[in-house]
1. Pairs Lys458/Lys488; Lys366/Lys387; Lys201/Lys521; Lys488/Lys521; Lys208/Lys521: which exceed 21 Å Cα-Cα?
2. Long-range amide H contacts for Asn111: which residues qualify at under 5 Å (H placed 1.01 Å from N, peptide plane, sequence gap of 5 or more or a different chain)?
3. From the backbone phi of segment 42-49, what are the Karplus-calculated ³J(HN,Hα) couplings (6.51 cos²θ - 1.76 cosθ + 1.60, θ = phi - 60°) in whole Hz, Gly and Pro given as x?
4. Counting alpha carbon pairs within less than 8 Å and at least 6 residues apart, what relative contact order, in whole percent, applies to segment 169-238?
5. Between segment 462-509 and segment 375-454, what is the C-alpha centre distance in whole Å?
6. Measure off 7 Å from each Cα along the Cα-to-Cβ vector at Val124 and Ile94, then give the distance between these two points in nanometres to one decimal.
7. Quick one: which residues, 5 or more positions from Leu475 or on another chain, have an amide H under 5 Å from its amide H? H modelled 1.01 Å from N in the peptide plane, none for Pro or chain starts.
8. For a quick check: with amide H placed at 1.01 Å from N, whose amide H comes under 5 Å from Asp143's, ignoring anything fewer than 5 positions away on the same chain?
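Just so you know, all these numbers are worked out from the coordinates, no wet-lab data involved. The model shown is predicted, which means the values in this text are computed figures rather than measured ones. Virtual Cβ from ideal backbone geometry, glycine too; neighbours counted across all protein chains shown.
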Amino acid sequence: MTSINGLKNIAATSIQNSGEIFLGNDINPGTAGQALVSGGDGEPARWDTHTGTIQPLTIGTNLSLASGNATFDGGTADTLNASGGATLTGGSGIDITGGTITTDNDNTTINNSATGNKNQVLKVPNALTAGTNVSFSSGTTYDGSAAITISSTDTDTQLNLTEGNGITITNTGGVNRTIAMNADATTLSNNVGSGQAGVLKVPNVMTKGTNINFINTTDGAVETTYDGSTPITISSTDTDTTYQGGTGISIDTTTNPDTINCANIPNSALANSTISGKALGTSLSTITFYSSTGALLTSYNGADPPTSVVLDGNTQLNLTQGANIAITNTGGLNRTIAVSSAPTNLDLSSSTNTFPLFVGGSEILKSMSYIDNSAQNFNRIFNTANKYFFDGSQTSGSDTLEIDFTATSTTGYCEYGFYANTITGGMIFCVGIAAATGGTSPFSTSLGSSAVSIDAYKIGLFDGTTSTYSLKEILDFTSFENTYITSKFFFNNLSVGTRYRMALYGRCFNTGSIYINSGGKNTTGLASRSFHQPAFMKFYEYDSTIGGARTTGGGGGGGGGGM
């Protein structure tokens, strides 16, 4: 190549050259395919091979190249043309008008009129309505279109429960509470099975001492202590098998078992002994024996029973005949006493009478029943069902409260008393009396919520009518209370000679329950709520002619004085 010097700087907006371009002092035109490459700042340009990769442009939908090629890589000039426009359709909630795309709103719950043409919520489609115990500061519904305040009224009438000793109360939501016994789980459990509480063991153990054996009843193992948690069989070993005979006693150890015999007592051992307060050897008062005919006996023939014996100097029982009385000597000390003639007048009001009759307004106690056992009896009477006080199948205990007598008068009364303990506050309690005749117990008739068929009033024992019941209110509690109360039932239509058996029954007026407690023995002398006065029943008869105004269901009563 030709070398040139004297290069000129050219400043121009464009250079048009139809010939070659030469570079460097050597006027190098390059080779075919080479490109003009910059050498960087302060360095001359040069001819060189292009090292980069040109990615082709792919022609998409509605576009085409004038050359018809599907791609363009810049190797050959070409023209890009558009062939048709895109079609856009508004979907749900979109509106396209001309070239403008907007949201299509109902303008009730939402619009696009907020600042900057933004979408905004106006309200919810379904309003919230205030229900029971709920109120709004404005109106009765809320849909979000305006700000309001919601309030509620507390109508919770839940009974406020406070845990006492040994009680755990768990809030199970709302007004629901679970009340359980709080047990130490060492000596006591609140669930030994089926949700029932039970004792696990005693707090202080019993330790076996000398000659005492503890054997585990379950596996036969030898134990040293007992606390009730394991079944134990206790036994003792008798280590004292030596016996010594005292005065007048001899023991023969050659036999098995040993034989104990009486032996002669020496006089020296009887030196201080007496008979009837007199020393041995001292003469006693004479005892004389007589036969049944009064003859003196000199010997005893061993008759059983012995022949009549009387003390010397007194052979006759001294009896004096009174008016209308005859005494006949039938031999020995035997006498027959009889009424010699029928009396014309008897003064039954005399203070000397010793037999119980209705004289001067007296009463006769015919029968009495009470429960005062070592273990307390109690019975729970539920709701509005009738239930006997104590029929032997009560809640705790097996004693019965029942009177039994044969009437000797048409009139009498049953007096009774019992201790009542409310389980539910504000209970009203009624008491009635049931009766059966001929030796039949009233407990043989089952009671339920229906009227008692063997009620004493209903079977005519009060005043003869059979349309009335003895069941009457006796207690009206305001809260949780306990009381001992006594009262009476009056009878005016008993049948003389008839045997009656009677028992108390009770019924609650309202929903809830009451305990009837009786008995229990206090062995500590300290105050305790486990012992109560005994429940009792007594039946008294009296003369229907005694004075006093007495009103019965028949419309009246009363009578004159005594005989």
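1. Lys366/Lys387; Lys201/Lys521; Lys488/Lys521; Lys208/Lys521
2. So Asn111 has HN proximity to Gln120, Leu122.
3. Using θ = phi - 60°, the values come out as x, 10, x, 5, 8, 8, 7, 8 Hz.
4. Taking the mean separation of contacting Cα pairs over the length of segment 169-238, I get 21 percent.
5. Going from one Cα centre to the other spans 9 Å.
6. 3.0 nm
7. It is Phe429, by chain and number.
8. Distant-sequence amide H within range of Asp143: Leu128.
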